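Inspection log for the structure reproduced underneath, given as structure tokens.
Taken together, the values in this text are just the output of simple stated rules run on the coordinates, not laboratory data. Just so it is clear, the structure is predicted and the values come from calculations on it, not from any experiment. All Cβ positions, even for glycine, are placed from backbone atoms using ideal geometry, and neighbour counts span all protein chains on display.
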Amino acid sequence: MGAEAFSMNSHDEEEVPVPLVIGLQPSALVDHVARVDWSLLHRIPGEHGGSIPVALEELENILNQVNSNSHVLLSCPDDPSPVKTIAGGSVANTIRGLKSGFGISTGIIGACGDDEQGNLFLHNMFLNGVDISRLRKKEGHTAQCVCLVDALGNRTMRPCLSNAVKVQAEELTKEDFQGSKWLVLRYAILNLEVIQAAILLAKQEGLFVSLDLASFEMVRNFKQPLLKLLESGNIDLCFANEDEATELLRGEQNADPVAAVECLAKYCQWAVVTLGSNGCIAKHKNEIVCVPAIGEAKAIDATGAGDLFASGFLYGVIKGLSLEECCKVGTCSGGSVIRSLGGEVTLENWQWMYKHMQIKGLLTPDTSK
């Protein structure tokens with residue numbers, strides 16, 4: 001198969017405690033994040049603000065335009081570097097945030113290539129304390145994504161997944177999930193088979209399952225398979241942003257966030273719709289809450305905002321906090337990542353988050369473990 005489980009530690013892996021939260025990201029992903037002005041965005045095909053898969057040639061073409069046109073790059077006083085290459089992907093962002101910011105043990109299931117990007121991904125996850133023993137290293141390319149961020153902090157994403165190595169449904173084993181409590185997933189039609197296999201094994205091992213709806217294009221174009229996943233009753237927690245929620249309810253008389261969270265709550269124990277600068281709305285059992293965003297969070301780059309919101313919300317659920325407190329922690333962690341470029345929170349911004357959690361009287365994490 002050309003695949004091997006990976007470890008950065010030569011010691012006996014049996015001694016490593018089982019992660020509380022496991023993330024499935026079938027393909028490891030490296031993000032090339034750049035702050036650019038509108039003149040470059042107008043030259044990129046497709047809608048602004050969304051996520052549309054591209055071929056490697058197109059990804060390299062965009063990167064060339066970024067790297068060869070310094071005048072289209074934007075810098076800012078707080079983050080002078082206009083371009084960053086970092087380990088990325090929605091699930092990786094969420095579980096890395098859970099471990100490094102909240103002290104919750106996490107692991108990742110997936111595959112990376114035997115290339116520079118694969119090594120970068122492995123090294124980053126390992127340095128952040130994520131268990132990488134379930135990552136398969138394979139011959140081939142690691143997935144990449146260009147994230148173009150405008151002056152308002154909105155991002156346009158162009159992932160290149162073609163020819164990238166990925167973990168297959170038949171490679172998953174019950175040992176991947178044994179002893180963990182949560183499985184974190186992101187909806188993607190290309191990964192539907194492996195997602196379904198992971199949910200089946202996770203449920204056999206008694207895990208809760210969290211699903212992120214990925215993008216409005218994914219919901220729009222592949223709504224029926226998504227509804228089947230939700231209707232299975234195996235999704236315990238669902239995250240959607242406002243655009244994804246609108247797509248889910250397209251054609252319905254009421255398509256507002258309240259209707260969306262009610263719709264998701266029919267299938268899931270916890271339903272959450274994030275509303276950007278307007279905070280979020282969530283429902284658990286018969287309780288529904290609206291929580292505003294943190295006004296002091298200046299958006300440099302919205303990349304990872306939803307992913308880190310999920311980190312905070314999951315931390316709250318795991319620690320047994322109230323629904324309102326879970327939402328408040330989510331707004332704090334979502335607010336922390338948008339203060340700099342990319343989906344990884346800096347040490348300075350974690351400190352910013354802890355300060356705001358203390359102001360709100362929330363349980364601050366013990367990250368010393």
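Could you name the lysines whose alpha carbon sits less than 22 Å from that of K174, not counting residues in the same chain fewer than 8 places away?
K137, K138, K166, K203
Hey, how many Å between the Cα centroid of region 120-183 and the Cα centroid of region 199-238?
What the calculation gives is 18 Å, centre to centre.
Please list 280-286, 144-150, 304-310, 56-62 highest first by mean number of surrounding beta-carbon atoms within 10 Å per residue.
Packing order, densest peptide first, comes out as 304-310, 144-150, 280-286, 56-62.
Out of all Cα-Cα pairs in the chain, roughly what percent, to the nearest whole number, are more than 35 Å apart?
18
If you take the beta carbon distance between I288 and T85 as r and set R0 to 35 Å, what does 1/(1 + (r/R0)^6) give as a FRET efficiency, to the nearest 0.05?
0.30
With only alpha-carbon atoms in the gyration tensor, what are the semi-axes of the equivalent ellipsoid for region 223-332, in Å, largest first?
So the equivalent ellipsoid measures 22, 17, 13 Å along its semi-axes.
Distance in nm between label sites at E231 and Q204, each 7 Å beyond Cα in the beta-carbon direction?
Result: 2.5 nm between the two label points.
What three numbers, in Å, describe the spread of the alpha carbons of region 17-163 along their principal axes, ordered from the longest?
In descending order, the Cα extents are 49, 35, 24 Å.
Run the simple label-point estimate for E348 and R250 please: 7 Å along Cα→C-beta, distance reported in nm.
Going from the E348 label point to the R250 one covers 4.1 nm.
If I model a spin label as a point 7 Å beyond the Cα along the Cα-Cβ vector, how far apart are those points for A169 and L192 in nm?
Spacing of the two 7 Å Cα→Cβ label points: 1.0 nm.
To the nearest µm²/s, what D does Stokes-Einstein give for region 143-293 at 25 °C and 0.890 mPa s, using the Kirkwood radius over alpha carbon pairs as Rh?
Rounded to a whole number, D works out at 148 µm²/s.
Could you give the length gained by full extension between N119 and I359, i.e. 0.36 nm per residue of separation minus their alpha carbon distance, to one decimal place?
82.5 nm
Where does the chain land at 222 nm, in deg cm²/dmol rounded to the nearest 500, when only DSSP H runs of n ≥ 4 count, each adding -39500 (n - 2.57), divided by all residues?
-10500 deg cm²/dmol
Lysine pairs in region 251-367 8 or more apart or on different chains: how many have alpha carbons under 18 angstrom apart?
Lysine pairs satisfying the spacing and distance rule in region 251-367 number 11.
Take the alpha-carbon positions of region 78-146, form their convex hull, and give its projected area averaged over all directions (one quarter of the hull surface) in nm².
The number I arrive at for region 78-146 is 5.2 nm².
What full-extension length gain, to one decimal in nm, is calculated for L56 and E324 as 0.36 nm per residue of separation minus the Cα-Cα distance?
92.2 nm
So between N278 and S39, what do we pick up on full extension, going 0.36 nm a residue minus the alpha carbon distance?
Stretched fully, the N278-S39 segment lengthens by 83.2 nm.
Which percent, nearest 5, of DSSP beta bridges in the chain are antiparallel?
About 45 percent, rounded to the nearest 5.
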